[in-house]
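Worksheet for the structure shown next.
The values are calculated or read from the model by the stated rules, or taken from the named source; none is laboratory data. Quick caveat: nothing in here was measured; it's all calculated off a predicted structure. Cβ coordinates were reconstructed from backbone atoms using ideal geometry, including for glycine residues, and neighbour counts include every protein chain displayed.
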Amino acid sequence: MFKRTLGKIVRNDLAGITFILVLLCTLLTIFTSGFFSAYNLDSVIKNMSIFAIVGLSQMVTLGVGQFNLAVGAIGGCAGMVCGVLLELMGIPYVIAMIVSLAVGFLLGYFQGFLIVKTKINAFIITLALASVYHGLNMTATENRFFRNIPNSFKAIAKGNLWGIPVLLIFSFITMLIFWILFNRTVTGRRILATGVNAKAADYAGIDSGSAIRLAHGLSGLLAGLAAVLTISKLGAAQTSIGSTWLLISFAAPILGGTLLSGGKVSIVGTFLGAAFMTIITNALVLVGVSFYWFQAFTGGILLLAFAVNKIRETMNTGEGRVLIKGGIV
Amino acid sequence: MMKNNILELKDITKVFPGVKALDNVDFSLKKGEVHALVGENGAGKSTLVKILTGVYQPNEGLIFFNNQKISLLNPREAFTYGINVVHQERNLVPTFTVAENIMIEQYCEKMTSTINQKKINQDAKKYIDLVGLDIEPTKNVEELSVGKKQLVEIAKALSSDAKILLLDEPTASISVKEAEDLLELIRKLRDKGVTFIFVSHKLEEVFAIADTVTVLRDGKNVKAAGINDVYVPIKDLTRDQLITMMVGRTKEFKAFEDRDFSDKEIVLEAKMLRSVDSPKPKSFKIYKGELLGWYGLVGAGRTEFARTLIGYDPPIEGEEFINGEKVVVKNIKQMQNKHKLYYLSENRKEEGLFLDHTIKVNISSSILNKIKNRLGMLNFKKEQEVANKFKEELDIKTPSINQVVNNLSGGNQQKVSLAKGLSVEPDIFIIDEPTVGIDIKTKAEIHRLMYNLTKEGKSIICITSDMQEIIQIADRIVVFKAGKIKGELKNTKVYGEMSKRIMKLIMD
Amino acid sequence: MGVLLSMVVFSIFVGYNSNTFFSVDNFIAVSRICSITVLVGLSQMVVMAGGGLNISVGAIGGLGAVVCGALIKRTGIPWEFAIILGIFIGVLCGAINGFIITKLGGTAEICWLTTLATMAIFTGFSLGITHAKPFYDMPEGYDWIGAYNIFGIFSLMLVIMIIFAVIIWVLFKYTSLGRQILAVGGNQKAAVLSGINVNKVLIFKHIISGVLAASAGILFSTRLGAVNADIGLVWMLFSFAAPLIGGTRMEGGRVNVLGAVLGGVLLALVSNGVVHMRISIFIVEFMEGLIILLAVGLDRLRAIREENLERLERSTI
């Protein structure tokens, strides 16, 4: 019986996580004095915006049925490129941002290219490339810090537009773009079809190889975007950007309903998942848990996410009892 | 019930959603005999095998072992009764040696036991010699040919004291010489007291090796004319009788009209075409508006040849002509969009459909280019129209086109698969095993659909292993065997005559 | 073997470019590094053998060392017991990994996804226990382990590593459990049909991996003279590189213990040599990634060659 109610919550992906989020926020507001303060909410929203983009980065690769273990490394590289451009070359930040996004895309695309060409497991390729990219990053920049970030650039993270933090607007726009991509475009369909069944996609005339390459490229692009926004927020570019992203990049989409097996993504769910991760971490701070335990919590939540994913998957392929609207949310 | 039956199955019925795979089937096995289980693709052989090996449990019916009632709830239980299976796919550990694979049950019994490599090699040698393999026990299994791997599996079964050895299509992927050796081995082992169940649809082998035979068709036992037992000694049957039992006409035979295409244009022609997976050069042609049948046993190489034609496994030698023009085959997309050639896979679940997606999304997956507007955005209205159109036309039974395909019955899934292909509006449609595992009513619907398509001027290549189906619907029949085309027949639609002629081509 | 050759070539190259490379002191230093790289490599190798990858090797190493250090510093337990309990943490972490993996389905993919999460959990615990502050001032006997050299040349750490390596070699060559692990890795379906209890085997393999990882962590800390939560942070990467270089198959079913040992030695040489040649230490990470790609690429070529042989065979039937 418990399984059934659990199943009901899990089944309607968005309802489930929205409910938990609302519950969490309510409890926090009631029981802690710091949660609902302007300062705290502002910080939470800014973090959650960036994490949402990190989550989207992994979500895209999950959508095509693969994994990208290099999200952090690609982000780090793109970030450092941005830092170099801004500080060493004095390039206007808009151009620096665009170049960084392009770098992210290229690094990701290369990864996808290798995967398709060699037919080697995406996991090991992205793992190996993660260290190649990271090592390259560290060596080339000698682990420098770039602190002379123009104020106009920092303003992106600090600023508000009509009362809404600019970072949040960035994440909404990104979400919108990708929602349109996956819901309304042919390209998005191709990616999802490849994610469900790459072979069937080939037989249907969809080039699964190009879908995979593109998905990895987009994943890299989003990682680059997250890196650039992080630099704006920190006011500095450093090689450690991205080092903590891997776990969150999985937790956010999976909690939000994206399936590990591929072919089904949830953009809104990924945002909510990122929100959940951010708020839970915030909760730990407010409740007074030592900051050192945070990673343990994140890992625990990721395990929970896997368990939930397994339940979802078994329900999807069940004996025809459950009707889940497949595809996109 | 005969007294010396080591195994007996009575009134076995097995039902899946929409399909009755086995209908009151009887099966008896005497100790020390080679018993052939025969039938076409989809006749119910593999379901019966799965029940014998504990993978499935029957909905109705009883199983007796040495006259004792038993139930086989999982493969391990079947194993404890001494029922060993050598499947079509290999179940060996590729990185282990021959000896390590053969003796695996013995040394893996307890986790703490030590491995005495020498003893394993020695013990294994006994069984290696028994099956006539001329290799060292220390050879790595992954370096062996398919035929030798099979012998290793037989040796493994013998090492665990197998009483009943079930061989499932053992000669499907081995050389002629290896097949002969295998049959010789079976004789030798039978004389030593091992009981065999030999599943096959190669009649020449059945006659060569089997003592008795059980024939299945459409999930039921087939009795030989004049003999009242389902369990028949081979020596009491003639070749013709067995052929009739296997592919004999049933009451529902209703063929389409005779048509002649000799004056029509050739839409697709292959000349000495070969590819990596279809290495023997083949030639054929198909006319406009024709329904061409490709008949062959499983493993005959038809699917591989189709994959060559459509560009999934592009040709490396030979020529392909479409509408008289020579084509350089590059990939599926090109063949589909430019040359209107579409291939529908036989494995609809693994290669044909996106099970987690909806009917609507599946149907539109091949024509994404046609339902988009300038910006690359999908035109939902058009997608819905297309999906609904096919839902009506093909009579797909579903409450809505937003149903996830995984939840549909086999027949409806096949219809979605067909719709997916039809949406491309192909001129040449290659359909691989269109009605396998599908109920009779839907089968007829699909046949009618294919026929109507040809009346509209489309050409269809129907790949099937169902003798009755091909004689009912095809205008001409191309017969495949072991990767080669053995011959081409004009279909007279007269069942007895055609089935004999086809089988003769295959058995030569 | 290609590994041996590359080791020799590399050593000569470095030695030529530096005058401190070929010295007894350096030999001892390298042997210390490789004792860790080999242990960690073996820890990963055991998991790979059964099909799957253990991302949490470093985290378990760190946690083992941290618990050991915490016990020594915060309770009165003699350091010998603390070490034993630290190794027991390896057992515990491994059991947790194995248990969760079998509950979630037991495939190779689930294996690495799960260990990704447990890596965070175990590291989190390390951080939580230490509050990011190292434990200094270890007891004399503890430090002695990391410092002692037999006959002045062979570091005790090296000897300990060799003992572990031999045990693992025996495991895979002479015990049924070792064979069962390999069978599960080679063809899980065949293993099931042969009566092997796959769940049990998976849990045991993770426990063994955990013990090796925790031992590596504790051993490392004896050399360091301190315990902090950073131990093991970067180990995950070369835990793959060593076995892959040495010929262990990533999908499972075949291991090469000696190869993994040599692979670990090569990695130690590389990280040591890089310092001697005044090259940025970060290049090591880059190279490790390349090495993994190469090793996996070669393995893939082998698989392609096999596929082609099979095709050739089929076309002549």
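Of all the listed residues (B:GLY318, B:GLY352, B:GLY299, B:GLY311), the sole one being touching a strand residue (DSSP E or B) at 6+ places or on another chain (Cβ under 8 Å) and over 28 Å from B:LYS397 (Cβ atoms) is B:GLY318. One residue alone among B:GLY132, B:GLY193 is under 18 Å from B:ASP211 (Cβ atoms) and surrounded by fewer than 19 Cβ atoms within 10 Å (Cβ to Cβ), and that residue is B:GLY193.
Is it fair to say A:ASN148 is assigned to a loop (DSSP other than H, G, I, E, B) and away from every other protein chain (no Cβ under 14 Å)?
In short, yes.
Taking the numbered list (1) in a helix (DSSP H, G or I); (2) under 18 Å from A:LEU225 (Cα atoms); (3) in contact with a Ser or Thr (Cβ under 9 Å, 6 or more places away or on another chain); (4) not aromatic (Phe, Trp, Tyr) in turn, A:ASN68 passes all entries but (1). Checked against the criterion of being small (Gly, Ala, Ser), surrounded by fewer than 23 Cβ atoms within 10 Å (Cβ to Cβ), assigned to a helix (DSSP H, G or I) and more than 14 Å from chain B (Cβ to nearest Cβ), the candidates A:GLY273, A:GLY217, A:GLY269 yield just one match: A:GLY217.
Which of the residues that make up the range B:347-374 are surrounded by fewer than 19 Cβ atoms within 10 Å (Cβ to Cβ) and either more than 8 Å from every other protein chain (Cβ to nearest Cβ) or of a type in the set (Lys, Arg) (or both)? Give the derivation first.
Residues of the range B:347-374 that are surrounded by fewer than 19 Cβ atoms within 10 Å (Cβ to Cβ), as a first pass: B:347, B:349-350, B:369-370, B:373-374.
Correct list: B:ASN347, B:LYS349, B:LYS370, B:ASN373, B:ARG374.
Please go through the range C:62-80 and pick out each residue that is farther than 11 Å from C:TYR142 by Cα and surrounded by fewer than 22 Cβ atoms within 10 Å (Cβ to Cβ). Answer for the range C:62-80, where residues must be farther than 11 Å from C:TYR142 by Cα and surrounded by fewer than 22 Cβ atoms within 10 Å (Cβ to Cβ): C:ALA70, C:LEU71, C:LYS73, C:ARG74, C:THR75, C:GLY76, C:ILE77.
A Cβ distance below 9 Å, combined with a sequence gap of six or more or placement on separate chains, defines the contacts here; from the range B:338-367, residues that are free of Cβ contacts under 8 Å to residues at least 40 places away in the same chain and within 23 Å of B:ASN379 (Cβ to Cβ) reach residues that are of a type in the set (Phe, Trp, Tyr) and in a loop (DSSP other than H, G, I, E, B) in the pairs B:VAL361/B:PHE354.
Scanning the range A:190-209 for residues that are over 24 Å from A:LEU101 (Cβ atoms) and either basic (Lys, Arg) or facing chain B (nearest Cβ under 8 Å) (or both) gives A:ALA193, A:VAL196, A:ASN197, A:LYS199, A:ALA200, A:ALA201, A:ASP202, A:TYR203, A:ALA204, A:GLY205, A:ILE206, A:ASP207.
Considering only the range A:163-189, state which residues are part of a helix (DSSP H, G or I), within 10 Å of chain B (Cβ to nearest Cβ) and over 30 Å from B:GLU346 (Cβ atoms). Residues satisfying the conditions are A:ILE180, A:LEU181, A:ASN183, A:ARG184. Given the structure, is B:LEU418 part of a loop (DSSP other than H, G, I, E, B) and either of a type in the set (S, T, N, Q) or touching a strand residue (DSSP E or B) at 6+ places or on another chain (Cβ under 9 Å) (or both)? No.
Every condition in (1) outside any helix (DSSP H, G or I); (2) surrounded by fewer than 16 Cβ atoms within 10 Å (Cβ to Cβ); (3) not hydrophobic (A, V, I, L, M, F, W, C) is met by B:THR95 except one, and the failing one is (2). Look at (1) under 20 Å from A:LEU286 (Cα atoms); (2) in a helix (DSSP H, G or I) and you find that A:SER33 fails only one, number (2). Considered as a group, the residues in the range B:162-211 that are modelled with pLDDT under 90 and among the hydroxyl-bearing types (Ser, Thr, Tyr) include one that is nearest to the chain's Cα centre (by Cα), and that residue is B:SER200.
Looking only at the range B:387-408, which residues are out of contact with any Leu (no Cβ under 9 Å at 6 or more places or on another chain), part of a helix (DSSP H, G or I) and surrounded by fewer than 20 Cβ atoms within 10 Å (Cβ to Cβ)? Within the range B:387-408, B:ASN388, B:LYS389, B:GLU392 qualify. The residue of the range C:174-204 that is nearest to C:VAL91 (Cα to Cα), among those that are within 7 Å of another protein chain (Cβ to nearest Cβ) and of a type in the set (D, E, K, R), is C:ARG179. The single condition among (1) modelled with pLDDT of 80 or more; (2) part of a helix (DSSP H, G or I); (3) under 30 Å from B:ILE430 (Cα atoms) that B:THR244 does not meet is (1). Of the residues that make up the range B:35-48, is at least one more than 14 Å from every other protein chain (Cβ to nearest Cβ), touching an Asp or Glu at 6+ places or on another chain (Cβ under 6 Å) and at pLDDT 85 or above? So far as the range B:35-48 goes, no, none of its residues is more than 14 Å from every other protein chain (Cβ to nearest Cβ), touching an Asp or Glu at 6+ places or on another chain (Cβ under 6 Å) and at pLDDT 85 or above.
Can we say B:LEU158 is surrounded by fewer than 21 Cβ atoms within 10 Å (Cβ to Cβ), assigned to a helix (DSSP H, G or I) and hydrophobic (A, V, I, L, M, F, W, C)? Yes, satisfied. The set of residues from the range B:310-326 being crowded, with 20+ Cβ neighbours inside 10 Å and away from chain A (no Cβ under 13 Å) comprises B:PRO315, B:GLU320, B:ILE322.
Given the criteria within 11 Å of another protein chain (Cβ to nearest Cβ) and either crowded, with 21+ Cβ neighbours inside 10 Å or touching a residue at least 24 places away in the same chain (Cβ under 8 Å) (or both), does C:SER155 qualify? In short, no.
With respect to the conditions (1) modelled with pLDDT under 90; (2) crowded, with 19+ Cβ neighbours inside 10 Å, B:LYS31 falls short on a single one, namely (2). Residue-level check: of (1) in a helix (DSSP H, G or I); (2) out of contact with any Phe, Trp or Tyr (no Cβ under 6 Å at 6 or more places or on another chain); (3) within 14 Å of chain C (Cβ to nearest Cβ); (4) not β-branched (Val, Ile, Thr), A:ASN143 misses just (1). Only one entry of A:LEU222, A:LEU286, A:LEU246, A:LEU303 meets the criterion of being away from chain C (no Cβ under 14 Å), surrounded by 19 or more Cβ atoms within 10 Å (Cβ to Cβ) and in a helix (DSSP H, G or I), and that entry is A:LEU222. The set of residues in the range B:79-96 being more than 13 Å from B:LEU158 (Cα to Cα) and within 11 Å of chain C (Cβ to nearest Cβ) consists of B:THR80, B:HIS87, B:GLU89, B:ARG90, B:ASN91, B:LEU92, B:VAL93, B:PRO94, B:THR95, B:PHE96. On the stretch given as the range B:406-432, residues that are within 14 Å of chain A (Cβ to nearest Cβ) and under 29 Å from B:GLU265 (Cβ atoms) total 14. Here B:ALA306 meets the list (1) touching a helix residue (DSSP H, G or I) at 6+ places or on another chain (Cβ under 7 Å); (2) outside any strand (DSSP E or B); (3) within 14 Å of chain A (Cβ to nearest Cβ) almost entirely, failing just condition (1). On the basis of being within 31 Å of the chain's Cα centre (by Cα), at pLDDT 85 or above and more than 22 Å from C:GLY178 (Cα to Cα), does B:ILE102 make the cut? In short, no.
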